[in-house]
Amino acid sequence: MKAYLLDPAVARYVFDHSTPPDALLEKLAEETAEATGDAAGMQISPDQGTFLTMITQLVAPQVVVEVGTFTGYSSVCIARGLSGGRLYCFDVSEEWTSVARRYWGEAGVADRVTLTLGPALETLAGFDQPVDLAFLDADKGNYPGYYELIMERLRPGGLIVADNTLRRGYVADPVHEEETTVQIRQFNDLVREDPRVTVLMLPVADGMTLIRKN
């Protein structure tokens, strides 16, 4: 669990009353922890995975974009929620996405996923399809750039889900001036002031923001 913003007992209760990850996702989480060490914190939590599957099922998108794939936990969850659509993943790491590719195969969703390697500010600029749903979970300093590239392609009524937008609650602490926290504050302010969207920030895990294009 990434229950940074909840009392531990409440967090455990929430976790125990939500659909848990299956054996494949548990295996992926364990392999990621063993292979990446501290970097495993970049992987979403089980409740976020369930959330992404459900959101995908509710939106029923034809085109989904994920920026920041890592070892594939979130992409498996999104791809499982698809019904006839396709997920386009953008990442820079051949090493970590090779794990993702393997788990797409094990999950039976490889035929729903297209992976593009390279700096996403460049590769997204060449993506020419209208987007229905996007998940943003990459380097925080480039969130504004990713956001704008996706917004240009997002259909009216489309949804962006941005991860890590509360930074363990540090964004609300004016004393906390660590670089990534400042970058997330700036992104949150940018989204809040954008007249093109309706925004809801959720205290799930490390903070997830739902951004709907009007």
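The values are calculated or read from the model by the stated rules, or taken from the named source; none is laboratory data. In this text, all values refer to a predicted model and were calculated from it rather than measured experimentally. We place every Cβ from the backbone using ideal geometry, glycine too, and count neighbours over all the protein chains shown. These accessible areas exclude ligands, DNA and RNA; they are computed on the full protein's heavy atoms, side chains included. Shrake-Rupley method; radii C 1.70, N 1.55, O 1.52, S 1.80 Å.
Annotations for the structure displayed:
- Checking R185 against (1) over 24 Å from M54 (Cβ atoms); (2) crowded, with 23+ Cβ neighbours inside 10 Å, the condition it does not meet: (2)
- Segment 117-131, residues that are crowded, with 16+ Cβ neighbours inside 10 Å and not in a helix (DSSP H, G or I): F127, V131
- Filtered residues of segment 26-46 (kept if touching a helix residue (DSSP H, G or I) at 6+ places or on another chain (Cβ under 6 Å) and touching a residue at least 24 places away in the same chain (Cβ under 8 Å)): L28, T32, Q43, I44
- First in segment 92-118 and more than 19 Å from A39 (Cα to Cα) and of a type in the set (G, A, S), second anywhere and at pLDDT 95 or above and open to solvent by less than 50 Å² (accessible area, probe 1.4 Å), Cβ under 6 Å, 6 or more apart: A107/L24; A107/V76; A110/W104
- Residue count for segment 166-181, restricted to those that are open to solvent by less than 40 Å² (accessible area, probe 1.4 Å) and not in a loop (DSSP other than H, G, I, E, B): 4.
- Of the residues in segment 76-85, at least one is out of contact with any Pro (no Cβ under 6 Å at 6 or more places or on another chain) and more than 20 Å from G158 (Cα to Cα).
- Matching residues in segment 150-165 - criterion: being outside any helix (DSSP H, G or I) and open to solvent by less than 30 Å² (accessible area, probe 1.4 Å): L154, G157, G158, L159, I160, V161, A162, D163, N164, T165
- Residue match in segment 186-193 (condition: under 18 Å from F135 (Cα atoms) and assigned to a strand (DSSP E or B)): no
- Taken residue by residue, segment 90-109 has at least one member that is more than 18 Å from A40 (Cα to Cα) and assigned to a strand (DSSP E or B).
- Residue match in segment 71-87 (condition: under 27 Å from N142 (Cα atoms), assigned to a strand (DSSP E or B) and not small (G, A, S)): yes
- Unique residue being closer than 14 Å to E66 by Cα and part of a loop (DSSP other than H, G, I, E, B) when the list is A138, A205: A138
- From D173, D163, residue being among the acidic types (D, E) and under 19 Å from Q43 (Cα atoms): D163
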